[in-house]
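Starting off with a structure, shown below.
Quick note: the coordinates plus some simple rules give every number you see, no bench work behind them. Everything numeric in this text was worked out from a predicted model, so none of it was measured. Glycine also receives a Cβ, built like all others from the backbone with ideal geometry; neighbour counts cover every protein chain displayed.
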Amino acid sequence: MAKRLFDILASLAALLLLGPVILFAAAGIRLSSRGPAFYCPKRGGLRGQPFTLFKLRTMHLNHGANVSVVTGANDSRVFAFGSVLRKLKIDELPQLWNILRGDMTIVGPRPEDLKIVAQHYDEIGMSTLAVRPGLTGVGSIYYYTHGEKMLTGPDPEQIYARDLLPVKLALEAVYLRRASMIYDVTLIIRTVVAIVRVMSGQAEFPDPPEMSDACGLPGTSEDTLTRRHVA
């Protein structure tokens, strides 16, 4: 109950405060790329139920032969202004509406594409569907600081499912075991700090403190969770 109340109050305040930023970004998208300003894919939510996720569009509508549900590093589908929005995480701000509606929470496991859930979720992955997905969280931070640069080569979706998704899901499972309001606030602060550091030029980050516990989860190993893709 306290978490939901926090979600409602925080998302409402953030929408009022950041509404002009979202509108400015939406106008920039319309000037940068033909098509709608918003992108509304289906994602796996609480108990695996699909819901409509709201994002600012960062890719051209014409993807050609590239139908990957995973965005690779230097993905040609992403237009220049969209790349800036992604780097600053501004493209995720419309999910504040998802939080206000009750589809999502501020801190929790990131919602995945339905294809990823259906084809690649193991027991640990399915356990993360027991709670509402989050706007940010330990897996989201790890993806932002470590994961995006791993997704190189002709098939980023394969790399994501093989090398990155197991790490994210294990970290999210650790979050679920430790979940508390204090931990949530800590992860919100860590998210802001990560964005500031990335924007200031930092490229290398240490593994998150949750990694050691993630390696100890049943069905995981240190080798699996510390594997890195080499292009």
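Report the one residue of Ser127, Val138, Val192 whose Cα lies farthest in the direction of the positive end of the charge dipole of the chain (charges on C-beta: Lys and Arg +1, Asp and Glu -1; origin at the Cα centre).
Val192
Suppose a student asked you for the relative contact order of the chain, using Cα pairs under 8 Å spaced at least 6 residues apart; what percent would you report?
Value for the chain: 20 percent.
Also, I was wondering about something else. With the chain treated as a Gaussian network of Cα nodes joined by springs under 10 Å, which of Leu176, Leu17, Leu217 yields the largest mean-square fluctuation?
With Cα springs under 10 Å in the chain, the top fluctuation among Leu176, Leu17, Leu217 is at Leu17.
I would also like to ask the following. Residue separation times 0.36 nm, minus the C-alpha to C-alpha distance between Met1 and Leu114: what's the value?
Extra length available between Met1 and Leu114 comes to 37.9 nm.
How big is the gap, in Å, between the Cα center of region 7-69 and the Cα center of region 121-160?
If we compute the Cα centre of each part, the gap is 18 Å.
On a full-extension model of 0.36 nm per residue, what is the gain between Leu61 and Ser200, subtracting their alpha-carbon distance, rounded to one decimal in nm?
47.0 nm
Taking a spot 7 Å from the Cα of Gln49 along the direction of its beta carbon, which residues of region 132-152 have an amide N less than 19 Å from it?
Only 132-135 pass the distance filter.
Using r as the Cβ-Cβ distance of Lys42 and Arg77, and R0 as 22 Å, what FRET efficiency do you calculate, to the nearest 0.05?
Efficiency at R0 = 22 Å is approximately 0.75.
Any chance you could run the full-extension gain for Ile189 through Arg30? It's 0.36 nm times the residue separation minus the Cα-Cα distance, nm to one decimal.
Length gained, Ile189 through Arg30: 54.1 nm.
Here's a follow-up. Could you compute the FRET efficiency for Met126 and Leu88, with r as their C-beta to C-beta distance and R0 at 41 Å, rounded to 0.05?
E between Met126 and Leu88, to the nearest 0.05, is 0.80.
So, one more: Provide, as a two-decimal number, the C-alpha radius of gyration of the chain over 2.2 N^0.38 Å, N being how many residues it has.
That ratio works out to 0.97.
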